[in-house]
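Okay, structure first, notes after.
The values are calculated or read from the model by the stated rules, or taken from the named source; none is laboratory data. The structure presented is a predicted model; accordingly, all values stated were derived computationally and were not measured. Positions of Cβ are backbone-derived with ideal geometry, glycine not excepted, and every protein chain shown enters the neighbour counts.
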Amino acid sequence: MAVIVTIGGEPSALAAKASTTAIPIVFAVGDDPIRSGLVSSVNRPGGNMTGMSTFIAAVEPKRLGLLRELRPSATTMAALVNPANVQAEMQMGDIQAAARNIGNEIKTVHAGTVREIDAAFAALAQMRADALLVATDALFFTRLTQLVVLAARHAIPTLYSRREFAAAGGLMSYGPNQDESYRTLGLYAARILKGEKPGDLPVQGPVKYELVINLNAAKAIGLTVPPTLLARADEVIE
């Protein structure tokens, strides 16, 4: 028996779903897999698919709250979204809804290519963005260094979705532990190879979301991180 494991988010999972209804598929995605059309139920997925989701829509209010706590005087907050992502419209809706819930207006900038990332930061500088939320997207992760360098160059306090950004010099990240996520995928693949049906294995969510703050990045842009935020961080990079 073979198992397909996808780690590229919704685009990879949806492509795998379209390719076969027979081979078991274990996915890692950011959105609600029911809303994405991957499974019919979280507890009993049915069909040939199961896996791991970060359920990022439920976390957007928390992420924006952290960003506002970091920059309480911010008047212009922005979100960077990849319009080529099949979930882009949902992402923008979730972020806008989360912003309304915390009483903020948020502007959306788009980038679907390397050159468009540069252009997006030029637009952010022109609009004098006080803070930036980077949406979860495979392109953005592959362009991790580019994003971190541009955020520092334009001195825009930025919140990312994965620890790797903060470890690479980004200011702050809030998201699931990726090692734990990949471990879940491996365990599920092993269970399926031993005979269990993917449709009987519930879609898992993160055990924990981690807040990581890079004080070197804060110092480089002249930003003082509030002590209350530092006290809640799971990791502070100095």
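Annotations
- Complete set of residues in the stretch 67-103 that are more than 13 Å from the chain's Cα centre (by Cα), surrounded by 20 or more Cβ atoms within 10 Å (Cβ to Cβ) and assigned to a helix (DSSP H, G or I): Leu67, Leu70, Ala98, Ala99
- Exclusive hit being within 29 Å of Gly199 (Cα to Cα), in contact with a strand residue (DSSP E or B) (Cβ under 6 Å, 6 or more places away or on another chain) and of a type in the set (A, V, I, L, M), set Val59, Val39, Val86: Val39
- One residue stands out among those in the stretch 195-238 that are of a type in the set (Lys, Arg) and over 23 Å from Asp179 (Cβ atoms): the one that is surrounded by the most Cβ atoms within 10 Å (Cβ to Cβ), which is Lys197.
Here's the yes/no breakdown for (1) on the phi > 0 side of the Ramachandran plot; (2) buried (at least 20 other Cβ atoms within 10 Å of the Cβ); (3) modelled with pLDDT under 95:
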{"site": "Asp137", "(1), (2), (3)": "no, yes, yes"}
{"site": "Gln146", "(1), (2), (3)": "no, no, no"}
{"site": "Ala151", "(1), (2), (3)": "no, yes, no"}
{"site": "Ser161", "(1), (2), (3)": "no, yes, yes"}
{"site": "Gly170", "(1), (2), (3)": "no, yes, no"}
{"site": "Pro176", "(1), (2), (3)": "no, yes, yes"}
{"site": "Ser181", "(1), (2), (3)": "no, yes, yes"}
{"site": "Gly186", "(1), (2), (3)": "no, no, yes"}
{"site": "Arg191", "(1), (2), (3)": "no, no, no"}
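- Restricting the stretch 104-127 to residues that are polar (S, T, N, Q) and more than 16 Å from the chain's Cα centre (by Cα), the residue that is surrounded by the most Cβ atoms within 10 Å (Cβ to Cβ): Asn104
- Here Ile34 passes the criteria (1) in contact (Cβ under 8 Å) with a residue 12 or more places away in the chain; (2) in the same structural domain as Tyr188 (by TED's automatic domain parsing) except the one numbered (1).
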